[in-house]
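Chemist: Mind having a look at this structure? Questions to follow.
Derivation of every value follows stated rules applied to the coordinates shown; laboratory data play no part. As the structure is a prediction and not an experimental result, all values here were calculated from the model. All Cβ positions, even for glycine, are placed from backbone atoms using ideal geometry, and neighbour counts span all protein chains on display.
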Amino acid sequence: MDLNLGIEYEAFREEVAAFLAESWRPRTPGGDRLRQERAFRTLATQRGYLYRRYPRRYGGGEQPDDALKEQIIREELAKAGAPGEINSGGSKLLAPTLLSWGQDWQKERFLRAALHGEEIWCQGYSEPGAGSDLASIRTRAELDGDAWVINGQKIWTSNAAQADFMFALVRTEPDAPKHRGISYILLDMRAEGVTVRPLRQMTGESEFNEVFLDNVRTPADWIVGERGQGWQVSRTTLSFERAAVNPPPFIDALLQRLKDVARRRTRDGRPLIECTDIQQRIAEIEGYAMAHRYSVMRQVSMDSVGQDPGAAALCNKLVGTDIGQMIARLSQEMIGEEGLLMPAPGTSRENMDDVFWVMRSSSVAIAGGTSNIQRNIIAERALDLPREGKPA
């Protein structure tokens, strides 16, 4: 694999670096951080560095597809500590789905605000009886004049308490086969009949929620794609969700955090980072992380010349998840017995963060679809193995 991108792309890298040097001043003393980031994102979008695939009329940079340029932009933003595209359900999940499937008026109404975080979206997929098997959802929507009337329950809904809107999978054709009777519908979280209840996690936080929908009315034209076509639409959303779980830059950040834990924790008066067995474990994990990083780079290189990376692209989420779990397990071992208890009052912020981080780590094997579901996808779509059998 040739890691030299050539004269054109290295010139583009210099262009991006110069823009960042001129336009981004990290953590301006006394400044408003959020306002600074918003102004930077606006300027970067106007210059075509952010939201490149989206037309300018929808708040995008409107640039030709170029995987290598997008990779260069991500790398240079990370080096400069500059904010990239907003990482939210609206920007990362709904927006690309609307761009592919939405009606023109839906794009006009929702895209710009979703991309730039002006309106917050949550995802209404999972239900108490339909997690990994999303096609088993029971939440139903019936057409009543000019509105859909929705009844059902969603669970594990991130940020539902703060969300303005939800994009949801609902059953509109009860007599159709389960994959064909689903529609992809948008709804207002402030509508009458929407109830949000927080789910307390073992960290004491309530990032997830359960959402009850009781005769919630949403306009008939707030359906994305055709009626009964929701399963196909949802696969677009899921593909972007899986790509966002544990990419190489995130794994690199986790590795750095792992090393910080090893520096702070001690054994017999020595920092763990100096112990041979810990060094070997960290080196092993870093080897997996490097292989993941270079695999993704190879896929980007193939994509840039119109080649299909094939099965490798389906493995990214699973590999990133496995590495994240390896990092969490070693962190748990280094934290030791302290990690079995809720941090006591007076615990240092660093030690508390270490414990909470390990607690949260289990979620990486679930977000965007469980690891076992991902293995089934790889087996069936990439390896052409028969579908998993079902008990009689």
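Chemist: May I ask for the net charge around Ala382, where only other residues with Cβ less than 12 Å from the Cβ of Ala382 are counted and Lys, Arg are +1 while Asp, Glu are -1?
Modeler: Value of the local net charge: -1.
Chemist: Looking at Gln36, Ala11, Pro26, which one has the Cα that reaches farthest to the positive end of the dipole of region 7-85 (charges on Cβ: Lys, Arg +1; Asp, Glu -1)?
Modeler: With unit charges placed on the Cβ atoms, the residue in question is Gln36.
Chemist: Another one. Can you check what the net charge comes to around Ala21, using other residues whose Cβ is under 12 Å from the Cβ of Ala21 (Lys, Arg +1; Asp, Glu -1)?
Modeler: Computed value for this residue: -2.
Chemist: What does the extension gain come out to for Arg180 and Asp214, with contour length at 0.36 nm per residue minus their alpha carbon separation? Present the calculation step by step, with values, prior to reporting the outcome.
Modeler: Working: separation 34, 0.36 × 34 = 12.24 nm, distance 2.36 nm.
Taking 0.36 nm per residue and subtracting the Cα distance, the gain is 9.9 nm.
Chemist: So how much slack lies between Asp164 and Glu118, counting 0.36 nm per residue of separation and subtracting their Cα-Cα distance, in nm?
Modeler: 15.6 nm
Chemist: Next question. What number comes out for the charge environment of Met326, summing +1 per Lys or Arg and -1 per Asp or Glu over other residues with Cβ under 12 Å away?
Modeler: Local charge sum for Met326: -2.
Chemist: Now for a separate question. Modelling each spin label as a point 7 Å along the Cα-to-Cβ direction, I'd like the Glu8/Arg53 distance in nm, to one decimal.
Modeler: Here the answer is 2.1 nm between the modelled labels.
Chemist: Which is farthest toward the positive dipole end of the chain among Gly90, Gln325, Val224, measuring Cα position about the Cα centre, with Cβ charges +1 (Lys, Arg) and -1 (Asp, Glu)?
Modeler: Sorting the options by dipole projection puts first Gln325.
Chemist: Based on DSSP H runs of at least 4 residues, each adding -39500 (n - 2.57), what is the mean residue ellipticity at 222 nm of the chain after dividing by all its residues, to the nearest 500 deg cm²/dmol?
Modeler: -13500 deg cm²/dmol
Chemist: Restricting attention to region 129-224, which trypsin sites (Lys or Arg not before Pro) occupy a DSSP loop and are surrounded by at most 16 other Cβ atoms within 10 Å?
Modeler: When the trypsin sites (Lys or Arg not before Pro) of region 129-224 are filtered for loop state and at most 16 Cβ neighbours within 10 Å, Arg138, Lys178, Arg180, Arg190, Arg200 remain.
Chemist: Would you give the gap between the C-alpha center of region 8-85 and the C-alpha center of region 134-153, rounded to a whole Å?
Modeler: Between the Cα centres of region 8-85 and region 134-153 lies a distance of 40 Å.
Chemist: Sticking with this structure for a sec: Using Cα springs under 10 Å in a Gaussian network model of the chain, which residue among Pro198, Pro309, Pro64 shows the largest mean-square fluctuation?
Modeler: Greatest mean-square fluctuation among the candidates belongs to Pro64.
Chemist: OK, next. Quick check: residue separation of Gln280 and Arg74 times 0.36 nm, minus the Cα distance between them. What number comes out in nm?
Modeler: On the way: separation 206, 0.36 × 206 = 74.16 nm, distance 3.03 nm.
Fully extending the segment from Gln280 to Arg74 adds 71.1 nm.
Chemist: Taking R0 as 30 Å, what's the FRET efficiency between Gln325 and Thr266 from their Cβ-Cβ distance, rounded to 0.05?
Modeler: The value I calculate is 0.75.
Chemist: Just to verify a number: FRET efficiency for Asp66 and Ala312, C-beta to C-beta distance, R0 = 25 Å, to 0.05?
Modeler: 0.80
Chemist: Further question: Sequence neighbours fewer than 8 away in the same chain don't count; with that in mind, list the lysines whose C-alpha is under 16 Å from Lys107.
Modeler: List returned: Lys92.
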